Amino acid sequence: MPSPLTATAAWPGVITHYRDRVQITQSVAPVTLLEGNTPLIPAPALARALGQGKAEFELFLKFEASNPTGSFKDRGMTAAITQAVADGAKAVICASTGNTAASAAAYAARAGLQCVVLVPDGKIAAGKLAGALSYGAQVIAINGNFDDGLRMVREAAERAPIALVNSINPARLQGQKTAAFEVVDALGAAPDWLALPVGNAGNITAYWLGFTEYFNDGITSTRPRVLGAQAAGSAPIVHGRVIEKPETIATAIRIGNPARWNEALLALDESDGEITAVSDAEILAAYRQVARLEGVFCEPSSAAGLAGMAKGVREGWLDLDGQRVVAVLTGHGLKDPDTAIKGAAEPVTIEPRIDALLGLLSLS
Ligand code: AN7
């Protein structure tokens, strides 16, 4: 009889697959939902559109929405929750714009840990709230933003026996850096550019850690240049100052005081990278474009990196001609159905008669 694990044994999750590199306590079995191994989708039509006739380049989408809870956070959360279990924690806490909350809730459920999440009241996409609630977390909405929440959970973890699983927890970066390994393993080399959205700046830090590790160990001879994108109303790193009241439709990156600010600056500096601010309109345009041109549905924040590429090419400071680019799509479009539906034409309702249907068809 096949072992009950046969069907899933091919990919064991990021901690086991990269066990020599993910530096967490390996004294307990990984708490895993078999995250990682996400697709790197070629996107030639989108590359043509983003090139705007000025650049021809190769584009791949690292579709992190394919992770078990629908975002890249699962890579870090498998490591943070495994570490928490190894440390004997009984409860975990995080502040979140939504995806971290859903991911923490899922992995905590799997580990049998209590999970508390703080989210900004009314500023979290429906699918993320649905996830966190379904996995059984205690969801606390605060009359404040992510930055307020992070300040509170940091202090709570100091004063109460509860483990912090935001990306200031180093285990999170250890898990998330595996995405950089996967990119190199799939392409056989580092790309020329890596584009991604930046919020609390954990992910840009983790990718840089991963690329640098492969580079230092001689697995790649180059590292990518990093293009970070923040939402215009929430762009502390671009402007070089804390944003007290961050705003953007891309609620996942509605963050005014990123915890990994210095590490992000280091990644940008060492990679000879760029960071740019993109408006909500630019984000939404890229969000629709990737869905319509490539059949890839990501959440608005995830499209910020693509919007940054479009802006850089348009303004002439980003030369992508002949380059190989990986854009990280951090979360699933289904996380935020409200934004998707609000921006689209309303479906037509008809009587259940064939003439009514045929009258609507305009096929060429
Ligand atoms: C889809 O869930 O901060 O720069 O609390 O959900 O590593 O913060 C989410 C961030 C990009 C930014 N794309 O990553 C949270 C949270 C999506 C995100 C980011 C987030 P970081």
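Work out from phi, with θ = phi - 60° and the Karplus expression 6.51 cos²θ - 1.76 cosθ + 1.60, the ³J(HN,Hα) of each residue of region 257-269, listed in order in whole Hz, and give x for Gly and Pro.
Working through the residues one at a time gives 8, x, 5, 9, 4, 4, 5, 5, 4, 5, 4, 5, 5 Hz.
Set Lys and Arg Cβ to +1 and Asp and Glu Cβ to -1, take the dipole of the chain about its Cα centre, and tell me which of Gly112, Gly343, Gly76 lies farthest positive.
Value computed over the given set: Gly112.
Which ³J(HN,Hα) values, rounded to whole Hz and listed in residue order, are derived for region 210-220 from phi using the Karplus coefficients 6.51, -1.76 and 1.60 in 6.51 cos²θ - 1.76 cosθ + 1.60 with θ = phi - 60°, glycine and proline given as x?
With the stated coefficients, region 210-220 comes to x, 4, 5, 4, 5, 5, 5, 8, x, 6, 10 Hz.
Which of Cys298, Ser27, Ala186 sits closest to the plus end of the dipole of the chain, meaning its Cα is farthest towards the positive end, when Lys and Arg get +1 and Asp and Glu get -1 on the C-beta?
Ser27
Which values of log₁₀ I(q)/I(0), to two decimal places, follow from the Debye formula for region 118-158 at q = 0.23 Å⁻¹ with a uniform point scatterer at every Cα?
Cα-only, vacuum Debye calculation for region 118-158: -0.78.
Please state the shape class of the chain: rounded when a/c is under 1.5, otherwise prolate if a/b exceeds b/c and oblate if not, all from the C-alpha gyration tensor.
Numbers: a/c = 1.36, a/b = 1.20, b/c = 1.14.
The shape class here is rounded.
When the dipole is taken about the Cα centre of region 1-137, and only Lys, Arg (+1) and Asp, Glu (-1) are charged at their Cβ, what size is it in debye, to the nearest 20?
In debye, rounded to 20, region 1-137 gives about 100.
Compare the Cα positions of Gln230, Leu209, Ile124 along the charge dipole of the chain (+1 at Cβ of Lys, Arg; -1 at Cβ of Asp, Glu; about the Cα centre) and return the one farthest towards the positive end.
With unit charges placed on the Cβ atoms, the residue in question is Ile124.
Taking square-rooted eigenvalues a ≥ b ≥ c of the alpha carbon gyration tensor, is region 126-183 rounded, prolate or oblate, where a/c under 1.5 means rounded and, failing that, a/b exceeding b/c means prolate?
Oblate, because a/c is 1.5 or more while a/b does not exceed b/c.
Taking just the C-alpha trace of region 144-295, give me its Rg and Dmax in Å.
According to the Cα coordinates of region 144-295, Rg and Dmax are 16.4, 50 Å.
So, in Å, what gap is there between the alpha-carbon centers of region 65-109 and region 288-348?
Computed from Cα coordinates, the inter-centre distance equals 26 Å.
Can you compute the label reach from Asp272? Point 7 Å from Cα along the Cβ direction, backbone N cut-off under 20 Å, restricted to region 28-55.
Of the residues in region 28-55, 55 have backbone N under 20 Å from the label point off Asp272.
Amide H of Ala195: which non-local residues (sequence gap of 5 or more, or other chain) have their own amide H closer than 5 Å, using H built in the peptide plane?
Residues meeting the amide H criterion: Leu227, Val326, Ala327, Val328.
Ser71's amide H: which non-local residues (gap 5+, or another chain) put their own amide H closer than 5 Å, with H modeled 1.01 Å from N in plane and none for Pro or chain starts?
Under 5 Å from the amide H of Ser71: no residue qualifies.
Using only C-alpha atoms and all pairs of different ones, pull out the Kirkwood radius for region 211-328 in Å with one decimal.
Kirkwood hydrodynamic radius for region 211-328: 15.1 Å.
Quick one: Karplus J couplings for region 13-19, per residue in order, coefficients 6.51, -1.76, 1.60, θ = phi - 60°, nearest Hz, x for Gly and Pro?
x, 6, 5, 6, 4, 10, 4
Stretched out fully, how many nm does the piece from Glu247 to Gln23 gain, at 0.36 nm a residue minus the Cα gap?
77.1 nm
Packing-wise, with mean Cβ within 10 Å as the measure, how do 276-288, 166-178, 147-159 rank, highest first?
Taking the mean over residues of other Cβ atoms within 10 Å, the ranking is 166-178, 276-288, 147-159.
At 222 nm, what value in deg cm²/dmol follows for the chain if DSSP H runs of at least 4 each add -39500 (n - 2.57) and the sum is divided by all its residues, to the nearest 500?
Helix contribution divided over all residues of the chain: -11500 deg cm²/dmol.
With r as the distance between the Cβ atoms of Ala86 and Leu293 and R0 = 45 Å, compute the FRET efficiency 1/(1 + (r/R0)^6) and round to 0.05.
Using R0 = 45 Å, I get an efficiency of 0.50.
Using a/c under 1.5 as the rounded threshold, could you call region 1-138 rounded, prolate or oblate? The axes a ≥ b ≥ c are square roots of the C-alpha gyration tensor eigenvalues, and prolate needs a/b larger than b/c, oblate otherwise. List each step's numbers first, then the result.
On the way: a/c = 2.25, a/b = 1.36, b/c = 1.65.
The shape class here is oblate.
Using +1 on the beta carbon of Lys and Arg, -1 on that of Asp and Glu, and nothing else charged, what's the dipole of the chain about the Cα centre, debye to 20?
Computed about the Cα centre, the dipole is about 560 debye.
Determine the equivalent ellipsoid of region 280-364 by diagonalising the alpha-carbon gyration tensor, then write out the semi-axes as square roots of 5 times the eigenvalues, largest first, rounded to whole Å.
On the way: eigenvalues 227, 50, 25 Å².
Over the Cα atoms of region 280-364, the semi-axes work out to 34, 16, 11 Å.
Taking the Cα centre as origin and putting +1 on Lys and Arg beta-carbons and -1 on Asp and Glu beta-carbons, what dipole magnitude results for region 226-330, to the nearest 20 debye?
Approximately 340 debye in magnitude.
PRE reach from Lys342 (point 7 Å along Cα→Cβ): which of region 229-250 fall under 11 Å by backbone N?
So the set is 248-250.
Readers should treat all values here as calculations from the given coordinates under stated rules, not as data from a laboratory. A quick note: this is a predicted structure, and the numbers were derived from the prediction, not measured. Because the Cβ atoms are built from the backbone with ideal geometry, glycine has one as well, and the counts that use them run over all protein chains shown.
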